[in-house]
Amino acid sequence: MRCLPLLRAGVLLALGLAACSADEAARGTAGPNPGANSGGSLARVDNPMASLPTGSNPTGVVPIMPVTMNTGGTSSPGNSTSAPVKPHDPISIDQTGANNPAGVPDADVKKLIAGGAPGALKWLYPYDGTVFPRGLLAPLLMWDGPAADVVYLRIKSQSFEYKGVLKAGADAATMLAPQLTIPQDIWVKAGQQTNGKNDPFTLELTVRAAGAVSGPIKLTFNLAQATVKGSIYYNSYASKLPGAAIGGNVLRIPAGGTVELFNSMQCNGCHSVSADGSKMLSQIDLMGGGSAYTLVSGGPANPPGAPAGPRTSYGALYPDGSKYLSTTTSTSVGHAELAQPVGAPPQSALYDTTTGQEVPNTGIPPGALMPMFSPDGTKLVFNDVAISNASGLAVMDYDVSAHKASNYRMLMTDTDGTRPGWPFMLPDSKGVVFVRTISPDFSANGAYIGAGAFAAFAGPFADLAMAPIAGPPSDLFMADVATGTVVLLAKAMGFNTPQDATSGNTYLPFPDDVAQSYFPTVAPIAAGGYFWVFFDSIRHYGNLGTQRQLWGFAIDIQANGSYTTDLSHPAFYLPGQEFGAGNHRAFAALDPCKRDGDSCTSGIDCCGGACTFPPVAAELVEPMGTCNPPPVNTCAKRDEKCATDADCCPPASNEPPNACIAGFCAFVPLN
């Protein structure tokens, strides 16, 4: 994202453009692996991400701490990114008795449980069928209908049931509102009890408003058996965080922490982060200057930057941060061509991140636009200007030891007036997520940047600059690398089927929210049998109004590597972001790896790729272990470092298979 003038509808607006922005303890002694010493990819991360809005003004996050609940039943404690060895023993939590949280008399409780006609009740958030990762704050339930004083909430799956009578409203300030935050301890316990993909939860809500009972209304959702590892870096406009500069700022949601200002330099914008979380690249001025930031485990929220090479805007960092590939500026991308050194050539080029020196003779086409390396570093994907004036995507193989790209092949091309942008490979390098848009510069043209973002510019265009403006049509698609087959990520974009998309039949409660999704990125590690995509969208967040905020969704991992059908799920609001600001390009990366002796929750956290766990007595969201050198000649357990599928331990008889994905063993659900 950049702080540059934008000509829209014949008016020069001072706007920022769109985003530049352990296995089970019961099995636990199998030990680490040959992959840890044989060149497997990257290892990073800390604690679970944690944060979802609290109240009607969700502006921050709180850490999710290990939770123990003695509510009956047991389950095998273990790493939250592992599948359970056996289904959990069922538990039931009943908060409808005389001491119910709402203090409602028994006669009224019975009326709520009996329910009534749904009437005007309709779900606004979350969406039916959403898959959530563990480790987030509980969702804020929002519905269209009368403001309620008391609700009856029931959540049920194969191994979990909760029944409660609760006061409506997200907090004391929103009582009598059509909102309810699921109690956090209940949400955590549901996550501990999930059996994964084939164990959906049913959520039922009955409300009492002005003495009348309505409902229940129902939806289903899934909880993955994993947290999404690492941190989210994003570009924000109109941030109200202390120290934020006018214009662009890079913010970070650290694992298990709160949203924080990452760098407060004026117009710190278009950023990228290496998959291993060791480097961030960001433009810091309007003349093409950029900085490279070295990120370390436990490091400061606002580290000093070092001068980087030219044209860092939208640069593709190699997974270990050692090199970056600049985007060509021969075609506009967020007006990057306006912020480069005078006389600089427009061609894409590879640079050493530390020295800023160009790496010659790479074989990469000079017209590589919006490039991105795969999480394991073996592939490179980009929009090629040479394909019908930036109307197609291309893929190449990449050899990091020789700094050479080879085997160029066109992945897809558009012929209907749209163009593909912001390609991002899945961790297994078998699919590419991207947008198709009619935007001239592939961005959202500053839409919904947030009221007051550029108030300091004042002048005759100040009111227009602050006004919410819908962005150009843009939706997320996926291309299968092997065949080039392109599919709309229909469920994530608001459609139950591709046919519904063709007919315009959306499940979104506000139909105008369709085709307003931008800047997809993908978390570099598989988690819970899914890949996790993040994007920004101009859409309603329930009954809190239209915002440009960050969202995420799950994609089913395919054991055969074929991504020729829609494998997405409905989106969830990304917790931890600053509410009410214009947020863009949620760049997911692992956290810098930890040394031997440091605490860890899985081998992904550790530089050596292995985490050792003590016996665990309590049920934890994620147990804590210690990074230790991996023993040799043993197989790699889940979330431990690997180089090939053969490095990974064979699964138990009732578990899905393990595969080496982006350098770590992950389970792939049986379809």
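Structure summary
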| quantity | calculated |
| --- | --- |
| Per-residue ³J(HN,Hα) for region 532-544, Karplus 6.51 cos²θ - 1.76 cosθ + 1.60, θ = phi - 60°, Hz, x for Gly and Pro | 10, 9, 10, 7, 10, 8, 8, 7, 5, 9, x, 9, 9 |
| ³J(HN,Hα) computed for each position of region 493-500 - Karplus, 6.51 cos²θ - 1.76 cosθ + 1.60, integer Hz, glycine/proline x | 8, x, 10, 5, 9, x, 5, 4 |
| Debye, to nearest 20: dipole size of region 521-671, +1 on Lys, Arg Cβ, -1 on Asp, Glu Cβ | 300 debye |
| Prolate/oblate/rounded call for region 132-264, Cα gyration tensor, a/c under 1.5 rounded | oblate |
| Net length gained if the chain between residue 646 and residue 106 were fully extended (0.36 nm per residue, minus Cα distance) | 188.5 nm |
| Simple label model, 7 Å out from Cα along Cβ direction - residue 546 to residue 409, nm | 4.2 nm |
| Estimated vicinal HN-Hα couplings, Hz - region 184-194 in sequence order (Karplus 6.51, -1.76, 1.60; Gly, Pro = x) | 4, 5, 5, 4, 4, 5, 4, x, 5, 8, 5 |
| Debye intensity ratio in log₁₀ form over the Cα atoms of region 388-455, taken at each q of 0.12, 0.19, 0.28 Å⁻¹ | -0.48, -0.86, -1.25 |
| From the C-alpha gyration tensor of region 475-632, square roots of 5λ in Å | 35, 20, 14 |
| Viscosity 0.890 mPa s, 25 °C: Kirkwood-radius Stokes-Einstein D of region 576-619 over Cα pairs, µm²/s | 183 µm²/s |
| Ratio Rg/Rh [Cα only; Rh per Kirkwood] for region 543-671 | 1.04 |
| Ranked list, fewest to most other Cβ atoms within 10 Å of each Cβ, for 624, 493 | 624, 493 |
| Computed label-point distance, nm, for sites residue 355 and residue 397 using a 7 Å Cα→Cβ extension | 2.8 nm |
| Potential extension, residue 626-residue 89 segment - 0.36 nm per residue separation minus Cα distance | 190.5 nm |
| Nonlocal amide H pairs with residue 594, under 5 Å, H built at 1.01 Å | 45, 606, 607 |
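Computed from the coordinates by the stated procedures, all read-outs in this text should not be read as laboratory data. Computed from a predicted structure; not experimentally measured. No Cβ is skipped: glycine too gets one built from the backbone with ideal geometry, and neighbour counts run over all protein chains shown.
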